[in-house]
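Visitor: One structure coming up, written as structure tokens, with questions to follow.
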Amino acid sequence: MCGTCGCGDRDIEAQPAPRVLALQRSLLSRNDAQAAANRAHFRAHGLLSLNVLSAPGSGKTALLEQLARRWPQQPIAVIVGDQATDNDARRLDDAGARAVQIRTGELCHLEADLVDRAFRQLELAGVNLLVIENVGNLVCPTAFDLGEELRLAVLAVGEGEDKPLKYPGLFRSADAVLLNKIDLLEATGFDRALALANLRAIAPAATVFEVSARSGAGLDALVAWLQQRCRPAGHGHQLHDHHH
Amino acid sequence: MHELALMAELQQLAEEQTRQAGARHIHRLRVRVGALAGVDADALRLAFEVLVANGSPEGPWPAATLDLEAVPARCFCSDCAQPFTPIDVIHACPRCGLLSRQVLKGRELELVSLEVS
């Protein structure tokens with residue numbers, strides 16, 4: 001019988017009163033846990049890991065081709081995310097990188113578990129730099145930690161000097177910002193000083209490199225900066241009892 | 001657009017917690033969304049409607065409602081040694097103009113509570 005009015009409805013009687021479960025659980029907690037595992041994994045392999053973010057077409061892949069060609073002695077490893085095609089992985093392969101493509105399908109960003117699966121396909125002997133090239137998107141990838149050591153944002157000349165102000169979340173989260181296509185300053189009438197001031201305002205702590213993947217300008221400084229942040233080769237393997 | 005992925009995560013988390021509590025129906029979800037979390041509340045609501053509309057009538061979702069609680073941004077100025085509520089995207093301190101590098105609040109994206117039976 002129903003406890004409220006005595007109507008005898010069994011269904012009503014079977015309904016327990018709603019109760020509140022206090023949870024306080026981050027919606028990113030599963031991704032964050034996998035990202036922490038990735039970070040430990042990358043470190044155990046003695047890798048410096050980068051997450052590279054930008055809009056489509058700002059030259060991420062061209063920059064990584066140049067980085068692969070200029071990286072001293074060792075090949076670099078790249079995990080590259082796009083919604084479709086493995087064109088980028090092939091380009092990076094041709095540049096001497098060890099590349100694995102993630103085709104994200106409908107997903108607009110990379111998540112830590114996708115990176116983990118791709119990472120397991122990489123041949124890492126002699127590699128000390130892992131670059132994760134995110135899906136070209138200035139919004140969605142920002143919230144997802146992939147386990148990287150450093151976050152690099154790319155802004156290209158010709159994109160609009162106020163992009164850091166329009167997409168503050170991404171640029172604020174960057175450890176370094178690459179202002180790419182610097183060889184096109186004159187042709188595009190891009191206001192370099194304004195773009196740099198906007199970057200400074202949003203990301204005061206980020207290191208800024210003015211580079212060109214095409215002319216090679218500024219790339220030596222970038223390579224030197226990254227080299228300083230690398231671990232000694234084999235360092236991780238000696239410290240961790242870790243096998244695939 | 002990543003609001004769909006976040007909603008899928010919310011769904012999984014809520015169903016897990018409901019099962020663990022021995023409950024079968026979800027009545028209300030309280031979700032906290034910080035102003036700097038990079039999440040659009042309307043997109044999150046739309047993703048929720050899709051989730052509920054596509055849920056089986058036998059499942060835990062048909063009666064569920066979503067309560068979004070907005071958390072404003074709060075920064076800290078290291079020069080003034082005071083917290084402040086940013087009024088612009090560059091997080092300039094309203095007292096001294098210094099650009100804050102420290103966000104105290106506003107990145108929240110969490111399932112606060114579930115009402116279940």
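Visitor: For the protein assembly as shown, what value does the Rg/Rh ratio take when both radii are computed over Cα atoms and Rh is the Kirkwood radius, given to two decimals?
Guide: 1.05
Visitor: Explain nothing, just the number: dipole magnitude of the stretch B:1-88 about its Cα centre with +1 on each Lys and Arg Cβ and -1 on each Asp and Glu Cβ, in debye rounded to the nearest 20.
Guide: 340
Visitor: Same structure again: Give the span of the stretch A:81-164's Cα atoms along each principal axis, as three whole-Å numbers ordered largest to smallest.
Guide: Taking the Cα atoms of the stretch A:81-164, the three principal extents are 42, 27, 26 Å.
Visitor: With axes computed from alpha carbons, what is the tilt in degrees of helix A:29-44 against the longest principal axis of chain A, rounded to the nearest 10 within 0 to 90?
Guide: 40
Visitor: For chain A, with only Lys/Arg (+1) and Asp/Glu (-1) charged at the beta-carbon, what is the dipole magnitude about the Cα centre, in debye rounded to 20?
Guide: Rounded to the nearest 20 debye, it is 440 debye.
Visitor: Once phi is turned into θ = phi - 60°, what whole-Hz ³J(HN,Hα) does the Karplus curve with 6.51, -1.76 and 1.60 give for every residue of the stretch A:98-107, x standing for Gly and Pro?
Guide: 9, 10, 10, 9, 9, 9, 7, x, 7, 6
Visitor: Restricting to the protein assembly as shown, compute how many DSSP beta bridges are antiparallel as a %, nearest 5.
Guide: On the way: 20 of 56 bridges.
Expressed as a percentage, antiparallel bridges in the protein assembly as shown total about 35.
Visitor: Also, I was wondering about something else. Between A:A156, A:Q121, A:W71, whose Cα lies farthest towards the positive end of the dipole of the stretch A:22-156 when Lys and Arg beta carbons carry +1 and Asp and Glu beta carbons carry -1, centred on the Cα centre?
Guide: A:W71
Visitor: For the pairing of chain B with chain A, what total accessible surface becomes buried, with a 1.4 angstrom probe, in square angstrom to the nearest 100?
Guide: Counting protein atoms only, the buried area is about 2800 Å².
Visitor: Once phi is turned into θ = phi - 60°, what whole-Hz ³J(HN,Hα) does the Karplus curve with 6.51, -1.76 and 1.60 give for every residue of the stretch B:26-36, x standing for Gly and Pro?
Guide: 9, 9, 8, 10, 9, 10, 9, 10, x, 5, 9
Visitor: How far is it, in nm, from the label point at A:D86 to the one at A:R120 when both lie 7 Å from their Cα along the line to the Cβ?
Guide: Output for this residue pair reads 1.8 nm.
Visitor: In the full protein assembly as shown, how much of A:T85 is accessible to a 1.4 Å probe, in Å² to the nearest 10?
Guide: For A:T85, the solvent-accessible surface is approximately 70 Å².
Visitor: For the pair A:Q73 and A:D220, what calculated FRET efficiency results from E = 1/(1 + (r/R0)^6), where r is the Cβ-Cβ distance and R0 = 22 Å, to the nearest 0.05? Don't skip to the answer; put the middle values down first.
Guide: Working: r = 15 Å, r/R0 = 0.70.
Efficiency at R0 = 22 Å is approximately 0.90.
Visitor: Okay, next question. Of the options A:C230, B:L111, A:S26, report the single residue whose Cα projects farthest towards the positive end of the charge dipole of the protein assembly as shown (beta-carbon charges: Lys, Arg +1; Asp, Glu -1).
Guide: Of A:C230, B:L111, A:S26, it is A:C230.
Visitor: Among all the lysines, which ones have a C-alpha under 24 Å from A:K60's C-alpha, if same-chain residues fewer than 8 places away are not counted?
Guide: A:K60 reaches A:K163, A:K166, A:K181.
Visitor: Another question about this same structure. Classify the stretch A:24-64: rounded, prolate or oblate, from the alpha-carbon gyration tensor (a ≥ b ≥ c, eigenvalue square roots; a/c under 1.5 rounded; otherwise prolate if a/b is larger than b/c)?
Guide: It is oblate, given that a/c is not under 1.5 and a/b is not larger than b/c.
Visitor: Still on this model: Over what distance in Å are the Cα centres of the stretch A:15-90 and the stretch A:132-163 separated?
Guide: Cα centroid of the stretch A:15-90 versus Cα centroid of the stretch A:132-163: 11 Å apart.
Visitor: Let me ask something else. Test of understanding: what is the full-extension gain from B:E49 to B:S117, defined as 0.36 nm times their sequence separation minus their Cα-Cα distance?
Guide: Fully extending the segment from B:E49 to B:S117 adds 22.4 nm.
Visitor: Using helices alone, I'd like the mean residue ellipticity at 222 nm for chain A: each DSSP H run of four-plus residues gives -39500 (n - 2.57), total over residue count, nearest 500.
Guide: After summing the helix terms and dividing by the residues of chain A, the value is -9500 deg cm²/dmol.
Visitor: Could you give the angle, 0 to 90 degrees to the nearest 10, between helix B:3-20's Cα long axis and the longest principal axis of the Cα atoms of chain B?
Guide: 60
Visitor: Continuing with this model, one more query. Tally Lys and Arg at +1 and Asp and Glu at -1 over the other residues with C-beta under 10 Å from the C-beta of B:E115: what net charge comes out?
Guide: +2
Visitor: Now for a separate question. What residues of the stretch B:1-30 lose no less than 50 Å² of accessible area with every protein chain in place versus their chain by itself (probe 1.4 Å, heavy atoms only)?
Guide: B:M1, B:H2, B:L6, B:E9, B:L13, B:Q17
Visitor: Between the helical axis of A:192-202 and the dominant principal axis of chain A, each derived from Cα atoms, what acute angle in degrees is found, rounded to the nearest 10?
Guide: Roughly 30 degrees between the two axes.
Visitor: Quick query: amide H of B:S113 versus all other amide H atoms, modeled in the peptide plane; which residues come in under 5 Å with a sequence gap of 5 or more or a different chain?
Guide: For B:S113, the qualifying residues are A:L23, A:Q24, B:R30.
Visitor: Taking R0 as 30 Å, what's the FRET efficiency between B:D42 and B:L104 from their Cβ-Cβ distance, rounded to 0.05?
Guide: FRET efficiency, B:D42 to B:L104: 0.70.
Visitor: Still on this structure, I have one more. Once a ≥ b ≥ c are taken as the square roots of the eigenvalues of the Cα gyration tensor of the stretch B:17-64, is the result rounded (a/c under 1.5), prolate (a/b larger than b/c) or oblate (a/b not larger than b/c)?
Guide: It is oblate, given that a/c is not under 1.5 and a/b is not larger than b/c.
Visitor: List the residues whose amide H sits under 5 Å from the amide H of B:V71, counting only those 5 or more places along or on another chain, with H placed 1.01 Å from N in the peptide plane.
Guide: Answer set, sorted by chain and number: B:V33, B:G34, B:A35.
Visitor: Need one value: the accessible area of B:H91 in square angstrom, 1.4 angstrom probe, rounded to the nearest 10.
Guide: 10
Visitor: Then there is this: Could you give me the radius of gyration and the Dmax of the stretch A:1-154, taking only the C-alpha atoms into account and expressing both in angstrom?
Guide: When restricted to the Cα atoms of the stretch A:1-154, Rg and Dmax are 22.8, 83 Å.
Visitor: Hey, quick one: spin label on B:A8, modelled 7 Å out along Cα-Cβ, who in the stretch A:99-120 has an amide N within reach, i.e. under 13 Å?
Guide: A:104-114
Visitor: Accessible area per residue of the stretch A:95-221 at 1.4 Å probe, in Å²?
Guide: In whole numbers, the stretch A:95-221 has 37 Å² accessible per residue.
Visitor: Could I ask something else about it? Charges at C-beta only: +1 for Lys and Arg, -1 for Asp and Glu. How large is the resulting dipole of the stretch A:71-200 about its Cα centre, in Debye rounded to 20?
Guide: Roughly 140 debye, rounded to the nearest 20.
The values are calculated or read from the model by the stated rules, or taken from the named source; none is laboratory data. Keep in mind the model is a prediction, meaning the values are calculated, not measured. Cβ: placed from backbone, ideal geometry, glycine included. Neighbour counts: every protein chain shown. With ligands, DNA and RNA removed, areas are computed over all heavy atoms of the protein, side chains included. Shrake-Rupley method; radii C 1.70, N 1.55, O 1.52, S 1.80 Å.
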